[in-house]
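Encoded as structure tokens, the structure appears first; notes follow it.
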Amino acid sequence: MTEQTYCDRLVQDMPFLTGLGRLSEQQVDRIILQLNRYYPQILSNKDAEKFRNPKVSLRVRLCDLLGHLQRSGERDCQEFYRALYIHAQPLHSCLPSRHALQNSDCTELDSGTAGRELSDRGPVAFLTCLGLAAGLALLIYCCPPDPKVLPGARRVLGFSPVIVDRHVSRFLLAFLTDDLVGL
């Protein structure tokens, strides 16, 4: 699926944006003023006056503005969407093109991850974790309980309950208390 340009999105959103009661006169004026003040190359003073003319209906001015932006190019359409987001965020989130983009993104992600529900890290990560768990198990079960053999291991295991989850820390503390009783 090809990526939708801002001009394509504007064509798709135009009927929604020009619908009755979608954008207020103040919101349209703020959008026009932002495009004129911050980006005078997008809307000149003459164009801004034309699109803010109160003698012409809001719908006609908005249609003219959107047509002007489409003819101007991709960057101008992108700046319109930025201004729309700033001045009419609830309306921006309801745009038909945004819903189409979100739905297409979700279907692409769902189809790609359907076969790999558990993990996609691969066999090397699994074998690494398995080896680490087996090594710790061997260390705990096969080491002699003599305190002179592994004095550093007790210190490490003594501080690990601070780091490890509380369920695992119970077992580690039980292991330490069993060793300390033998002293």
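A few points about this structure:
- Pairwise label distance in nanometres, C129 with R75, each label 7 Å out on the Cα-Cβ vector: 4.8 nm
- Förster-model FRET efficiency, 25 Å R0, D64 and S93, C-beta, rounded to 0.05: 0.50
- Gyration tensor (alpha-carbon) shape descriptor, the range 1-95, a/c threshold 1.5: oblate
- Estimated at 0.36 nm per residue, the fully extended path between S44 and Q27 surpasses their Cα-Cα distance by 4.3 nm.
- Taking only protein heavy atoms and a 1.4 Å probe, the accessible area of the range 6-103 is 51% carbon and sulfur.
- In terms of its C-alpha gyration tensor, the range 1-52 comes out oblate, because a/c is 1.5 or above while a/b does not outweigh b/c.
- Mean separation of Cα contacts under 8 Å (6+ apart) over length of the range 6-103, as relative contact order %: 40 percent
- In the context of the full set of protein chains, the range 6-103 has a per residue accessible area of 55 Å² (1.4 Å probe).
The values are calculated or read from the model by the stated rules, or taken from the named source; none is laboratory data. These numbers were taken from a predicted model, which means no experiment stands behind them. Don't worry about glycine lacking a Cβ; one is built from the backbone with ideal geometry, like all the others, and counts go over all protein chains shown. Side chains included, ligands, DNA and RNA excluded: accessible areas come from the protein's heavy atoms. Shrake-Rupley method; radii C 1.70, N 1.55, O 1.52, S 1.80 Å.
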